[in-house]
Amino acid sequence: MAGSAERRLSMVDSQLRTNRVVDEALIGAMLELPREDFVPDRLAPLAYVDKDLPLDGGRFLMEPMVFARLVQMLAVSPGDIVLDIGCGTGYSSAVLARLCSTVVALECDAGMAETARRNLARADIDNVIVVDGELAAGYPDQAPYNAILLGGAVPEISTALADQLAENGRLAAVVTRGAPPGRATCAVRGGGGVSRRVAFDAATLPLPGFERAERFVL
């Protein structure tokens, strides 16, 4: 089996660069971070496959290409504060931490949140704050955010989340509108409203809790 660094390079060359991922800071972060450190040991050999990777408790590590393109849509800057909704075991937050000032990593599963804290500490990442809470509610205590990432598919982008964006803030999510496949969507707050741009289709697994959301951005 190829070594971890070689598998990361293969992931970047075959999954990211061939699918319009051109942000070199993002590519550098994904080249540096060992994905196998963020999955159960039994799944380490599969850490770089081009599909959503199931984790414990019905959660998953998002497919590298879809994840990278969503992050690229956010256009994260070094001074940004980013909300990572559904951080899982911490991989997405670890990548974002290399691109911005601070990451607020929201997780609804207390056990998984603790795993994320351990993984991030082991990776010596100190600009991520892992918080427990309902994913669909976001984390208004630290709002507004320059960027918000949803780590899975949702029926729609709710006003509860859009309202947590700063002016010119961006939100990236795979939106299903109630039925697969989803569409990778970037929402931008500006001028008193929220605009939307659809980039590509993605068969991403859903995040828990959003099926109960009641208010949506039209």
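The values are calculated or read from the model by the stated rules, or taken from the named source; none is laboratory data. None of the values given here were measured: they were computed from a predicted structure. Note that each Cβ is placed from the backbone with ideal geometry, even for glycine, and that neighbours are counted across all protein chains shown. Calculation scope for accessible area: heavy atoms of the full protein, side chains included, ligands and nucleic acids excluded. Shrake-Rupley method; radii C 1.70, N 1.55, O 1.52, S 1.80 Å.
Conditions tested, residue by residue: (1) over 15 Å from Met30 (Cβ atoms); (2) open to solvent by 10 Å² or more (accessible area, probe 1.4 Å).
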position: Val82; (1), (2): yes, no
position: Ser92; (1), (2): no, yes
position: Tyr139; (1), (2): yes, yes
position: Tyr145; (1), (2): yes, no
Exercise for the section: Please work out which residue is surrounded by the most Cβ atoms within 10 Å (Cβ to Cβ), limiting yourself to the stretch 54-74 and to residues that are of a type in the set (D, E, K, R) and closer than 17 Å to Met112 by Cβ. Expected result: Arg59
Problem - Subset tally (residues that are surrounded by 15 or more Cβ atoms within 10 Å (Cβ to Cβ), of a type outside the set (D, E, K, R) and closer than 19 Å to Glu114 by Cβ) for the stretch 36-53 - result: 3
Handout entry: Long-range neighbours under 6 Å by Cβ, at least six apart or interchain, first residue at negative phi within the stretch 1-20, second part of a loop (DSSP other than H, G, I, E, B)
Key = Ser4/Pro34; Arg7/Tyr48; Met11/Tyr48; Gln15/Asp50
Handout entry: Options Ala166, Ala121; residue that is modelled with pLDDT of 95 or more, small (Gly, Ala, Ser), open to solvent by 50 Å² or more (accessible area, probe 1.4 Å) and more than 23 Å from Glu211 (Cα to Cα)
Key = Ala121
Practice task
List the number of the failed condition for Asp201; all other conditions in (1) acidic (Asp, Glu); (2) part of a strand (DSSP E or B); (3) within 19 Å of Val104 (Cα to Cα) hold.
Solution key: (3)
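Kindly indicate the residue of the stretch 177-194 that is without any contact (Cβ under 8 Å) to a residue 24 or more places away in the chain and under 24 Å from Asn146 (Cα atoms) and also surrounded by the fewest Cβ atoms within 10 Å (Cβ to Cβ) among those meeting that condition.
Gly192
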Exercise for the section: Within the stretch 143-172, track down each residue that is under 14 Å from Gly192 (Cα atoms) and among the β-branched types (Val, Ile, Thr). Expected result: Thr159
Exercise for the section: Test Leu16 against the stated conditions and say whether it is within 23 Å of Ile129 (Cβ to Cβ) and either modelled with pLDDT of 95 or more or among the β-branched types (Val, Ile, Thr) (or both). Expected result: no
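Give the stretch 147-163 a look and list any residue that's small (Gly, Ala, Ser), assigned to a helix (DSSP H, G or I) and open to solvent by 10 Å² or more (accessible area, probe 1.4 Å), or say none. Outline the logic, then answer.
Taking the stretch 147-163 first, the residues small (Gly, Ala, Ser) are 147, 151-153, 158, 160, 162.
Adding the requirement that they be assigned to a helix (DSSP H, G or I) leaves 160, 162.
Matches in the stretch 147-163: Ala160 only.
So, Val76, is that one within 23 Å of Val198 (Cβ to Cβ), part of a helix (DSSP H, G or I) and under 15 Å from the mean Cα position of the chain (by Cα) or not? Explain how you work it out, then say what you get.
Details: within 23 Å of Val198 (Cβ to Cβ): yes; part of a helix (DSSP H, G or I): no; under 15 Å from the mean Cα position of the chain (by Cα): yes.
When the stated conditions are applied, Val76 does not pass them.
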Practice task
Please work out if Ile129 is open to solvent by 40 Å² or more (accessible area, probe 1.4 Å) and in contact with a strand residue (DSSP E or B) (Cβ under 7 Å, 6 or more places away or on another chain).
Solution key: yes
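Taking the conditions exactly as written (open to solvent by less than 20 Å² (accessible area, probe 1.4 Å) and under 23 Å from Glu24 (Cβ atoms)), does Ala97 satisfy them or not? Steps first, please.
Numbers: open to solvent by less than 20 Å² (accessible area, probe 1.4 Å): yes; under 23 Å from Glu24 (Cβ atoms): yes.
It is true that Ala97 is open to solvent by less than 20 Å² (accessible area, probe 1.4 Å) and under 23 Å from Glu24 (Cβ atoms).
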Practice task
Test Phe60 against the stated conditions and say whether it is within 30 Å of Ser195 (Cα to Cα) and modelled with pLDDT under 95.
Solution key: yes
